[in-house]
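What follows draws every value from the coordinates through simple rules; no lab data is involved. Here the structure is a predicted model, which means the values were calculated and not measured. Glycine gets a Cβ as well: all are built from the backbone with ideal geometry, and neighbour counts include every protein chain shown.
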Amino acid sequence: EITSLLSLYGGQFSSEQEIRVNSPFWILSIPSEEMARGLMKRTVCAKSIFELWGHGRSAGELYACLKNYPMDKMLPYLQSDSTYKVHIHTFNKTLTQAQKVKKIDALEFLPFKGKVNLKNPEHIFWILEDYGMDPNNVPEEPFHLYFGRWIADGQRELIESYSVKKRHFIGNTSMDACLSFIMANHGRVKPNDVVYDPFVGTGGLLISSAHFGAYVCGADIDYNTIHGLGKASRKNQKWRGPDENIRANLRQYGLEKYYLDALVSDSSRPIWRKGMLFDAIITDPPYGIREATRRTGSQKETVKSAERSTDNHIFVSSSYHLSDIFFDLLKFAAEYLVMGGRLVYWLPIYRPEYTEEIIPRHPCLKLISNCEQMLSSHTSRRLITMEKVKEFKDQDQHSYLLDGQYMPYRGHNSFREKYFSGVTKRIAKEEKDNQK
């Protein structure tokens, strides 16, 4: 998420950043405080950002670094007519009040001239100490210490204010609010973008994009879900009410002006005019477990089920193989994304058999990130982010990556077919076992 936002707002990971994957503290190189604030207005993963004045592997190293920090950068925040306070945060360790006071007093060499105000200070300074990630093996001294001026907090309150529990319209697989915002940030959604979800469901992923000022639209094969009809997913509620639909969800958060439309449509069928239409495609395809994988069929095809949504609306659906879903999704993104636009979606995997070759590829799309969310000891899903880097041509219509080369796609004989069928069965079995 942070890497995506840095590419959107400007900045990069600093060369001073210590290469420790599990460290909760990162050093970034950002050109201005304004850009830093812009980044923090988006992130739900980062807690706070600080202007770094000094850091080191010991207290002595930290103090030496602080003494070398340019005085002209310090003085504007240390004036006699200003107020301040110093806050201490220790990761993976709790300090007594006496220990905290001792650490603060050790900074007396800094030229603080203002008055201390613990309730409403103009400037807040933080001492950050990293005691590692192992709660059972906490060191006596921190691995690393940082000191800096607080600039801004992240947007973690969005997780609560957009909680699915408080939302008018939900489904069996409505996306968690935190993950929805992470996906929008991976997609680098910005004001006035057009964002599309081809498996829109109850529209949870549209909400996060609309919050960031993008115009949103989607499609889904389920007539009842798009129109807010049928049985409710909420506990102790039998049928959906008149205000349970995607538009009402956006209205609930004051985002209705960003709602374009939601279509009853089969994502495997072409419905859009040719051309690049979308700045981002952000979606959570059905895996065939809690939500069926299906597409429109005909009487000539093997009919799986015939469903009646209203008295005058009947459609026939046939099976839609999981590997075909991802192939169609990548092909659609390659054709309809603008150059530099991003596709963000979830890919279910069976961990013991997972290799990176399983990830679907397309010659027009570059893999940007591949992040894992654990579901159980054997299953997980990976958040895949891809960026369009090449114009879509007719010869890219039926291509997939195999052994480093793009080959013609051969439908149900795809090398991924058996893998994804197995993933679906294993996840479904684990869910049933958990219910028992």
Sorted by chain and then number, the residues having a modelled amide H within less than 5 Å of the amide H of Ile127, at least 5 places away or on another chain, are His87, Ile88, His89
Can you compute the radius of gyration and Dmax for the range 76-224, using only the Cα atoms, both in Å? 22.6, 69
Would you kindly derive the ³J(HN,Hα) couplings of the range 265-274 from the backbone phi angles with the Karplus curve 6.51 cos²θ - 1.76 cosθ + 1.60 (θ = phi - 60°), listing them in order in whole Hz, with x for Gly and Pro? 7, 8, 5, 8, 10, x, 10, 9, 5, 5
Around Ser14, which amide H atoms from residues at least 5 apart in sequence, or from another chain, sit under 5 Å from its own amide H, with H modelled in the peptide plane? Ile27, Leu28, Ser29
From Cα pairs below 8 angstrom and at least 6 apart in sequence, can you work out the relative contact order of the range 125-223, rounded to a whole percent? 19 percent
In whole Hz, with x marking every Gly and Pro, tabulate ³J(HN,Hα) for the range 210-225 from phi via Karplus 6.51 cos²θ - 1.76 cosθ + 1.60, θ = phi - 60°. 5, 4, 8, x, 8, 7, 10, 8, x, 8, 7, 6, 7, 4, 4, 5
Neighbour net charge for Thr96 - beta-carbon separation under 12 angstrom, K R +1, D E -1: +4
Value of D in µm² per second that Stokes-Einstein yields for the range 1-154, Kirkwood Rh from Cα pairs, at 25 °C (0.890 mPa s): 148 µm²/s
May I ask which of Lys165/Lys390; Lys41/Lys119; Lys93/Lys115; Lys190/Lys274; Lys47/Lys166; Lys166/Lys366 have a Cα-Cα span longer than 31 Å here? Lys165/Lys390; Lys166/Lys366
Under 5 Å between amide hydrogens, which residues at least 5 positions from Gly54 or on another chain qualify, with H placed 1.01 Å from N in the peptide plane? Phe147
Using packing as a proxy for protection, rank 60-72, 214-226 so that the peptide with the highest average count of other Cβ atoms within 10 Å comes first. 214-226, 60-72
From phi via Karplus (6.51, -1.76, 1.60), per-residue ³J(HN,Hα) for the range 349-360 in Hz, x at Gly/Pro: 9, 9, 4, x, 10, 6, 9, 5, 5, 5, 5, x
Rounded to the nearest 5, the percent of DSSP beta bridges in the range 1-154 running antiparallel is 60 percent
For Asp197, what charge total do you get from the other residues with a beta carbon under 9 Å from its beta carbon, if Lys and Arg give +1 and Asp and Glu give -1? -2
